[in-house]
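Each remark here refers to the structure printed beneath this line.
The values are calculated or read from the model by the stated rules, or taken from the named source; none is laboratory data. All values reported here derive from a predicted model rather than from experimental measurement. Glycine gets a Cβ as well: all are built from the backbone with ideal geometry, and neighbour counts include every protein chain shown.
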């Protein structure tokens, strides 16, 4: 596969995750909430986690983030679901 083809594919994946973020939202009912911000770039995020016996079973996010953060979060979440 050519480098140009991989670049195009990578851009398509990034745009898909940006336009259709996975795991966006807020968990309710006994969830752990973590608020973070980065004053350098302006990112602000609220994570809500559902824990069972010390293991994260579900995670959601809300906030103002650049699309690289959204894509990275989505990609790692997808990998976790496969395991």
Exercise. How about the range 24-42: which of its residues are free of Cβ contacts under 8 Å to residues at least 24 places away in the same chain and within 14 Å of residue 63 (Cα to Cα)?
Worked result: 33, 34, 35, 36, 37, 38, 39, 42
Seminar exercise, completed: When (1) part of a loop (DSSP other than H, G, I, E, B); (2) modelled with pLDDT of 90 or more are applied to residue 57, the one that fails is (1)
Problem set entry | Looking only at the range 15-45, and only at residues there that are modelled with pLDDT under 80 and part of a helix (DSSP H, G or I), the one that is surrounded by the fewest Cβ atoms within 10 Å (Cβ to Cβ) | 18
